[in-house]
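Asker: The structure's right below; bear with me while I get my questions together.
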Amino acid sequence: SKSHYTFNMRDLSKVFQGMLMVSSKVTNGVDAIVRLWVHECSRVFRDRMVIDEDRNWFDKLMADKVDSGLNLDWNKIKPANLDELIFGDVLEPENRVYQEVVDVSQLLPSM
């Protein structure tokens, strides 16, 4: 049977809260902001999806919104593996700077 997901305005506000955690000092342009937006949407909505078909639908939806809605080329912006699109504040624990984790191997010493 098909799973049913329930989302509300609080979930949408979590996307904006996550986006507001990034400083303009660590984002370098529109591409970084779009990756941040996709990351936050993925953490709030995609991570709750339990079926691969639904996650694939979400991935396609994000790509379509970036390509047609924002007039950008998602294939040039996205990482090779969408699951590796990570933002966090663990790379610089003393400063707690929320930033994109470009190299996943950097996370291991921080954990």
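Asker: Could you sort 38-47, 22-31 so that the peptide with the highest average Cβ count within 10 Å comes first and the rest follow in order?
Answerer: On the way: 38-47: 19.1, 22-31: 12.0.
Result, highest mean first: 38-47, 22-31.
Asker: Along each of its three principal axes, how wide is the spread of alpha-carbon positions in the chain, in whole angstrom units, largest first?
Answerer: 46, 31, 28 Å, listed from the longest principal axis down.
Asker: Taking the chain as the reference, fit the longest principal axis to its C-alpha atoms, fit the long axis of helix 30-44 to the helix C-alpha atoms, and give the angle between the two in degrees, 0 to 90, nearest 10.
Answerer: 60 degrees
Asker: Which lysines have a Cα lying under 23 Å from the Cα of LYS25, excluding residues fewer than 8 positions away in the same chain?
Answerer: Once the sequence-local lysines are set aside, what remains near LYS25 is LYS14, LYS76, LYS78.
Asker: Using the Karplus curve 6.51 cos²θ - 1.76 cosθ + 1.60 with θ = phi - 60°, work out ³J(HN,Hα) for each residue of segment 70-84 in order, rounded to whole Hz, and write x for Gly and Pro.
Answerer: Couplings: 9, 6, 10, 9, 4, 5, 8, 8, 6, x, 4, 10, 4, 5, 8 Hz.
Asker: So, one more: Just the accessible area per residue of the chain, please: how many Å² with a 1.4 Å probe?
Answerer: 67 Å²
Asker: Also: Quickly estimate the mean residue ellipticity at 222 nm for the chain, helices only: each DSSP H run with n ≥ 4 gives -39500 (n - 2.57), and the total goes over all residues, rounded to 500.
Answerer: Working: 5 runs with 47 residues, N = 111.
The helix contribution divided over the chain gives -12000 deg cm²/dmol.
Asker: Quick check on packing: order 55-66, 94-105 by the mean number of other C-beta atoms within 10 Å, highest mean leading. Before the final figure, lay out each step's value.
Answerer: Working: 55-66: 15.6, 94-105: 12.9.
Going from most to least packed, we get 55-66, 94-105.
Asker: In Å, what Rg and Dmax follow from the Cα atoms of segment 67-111?
Answerer: 13.3, 40
The values are calculated or read from the model by the stated rules, or taken from the named source; none is laboratory data. Since the structure is predicted, the reported quantities are computational estimates derived from the model, not experimental observations. Reconstructed Cβ throughout: ideal geometry from the backbone, glycine too, with neighbour counts over all protein chains shown. Heavy atoms of the whole protein, side chains included, go into the accessibility calculation; ligands, DNA and RNA do not. Shrake-Rupley method; radii C 1.70, N 1.55, O 1.52, S 1.80 Å.
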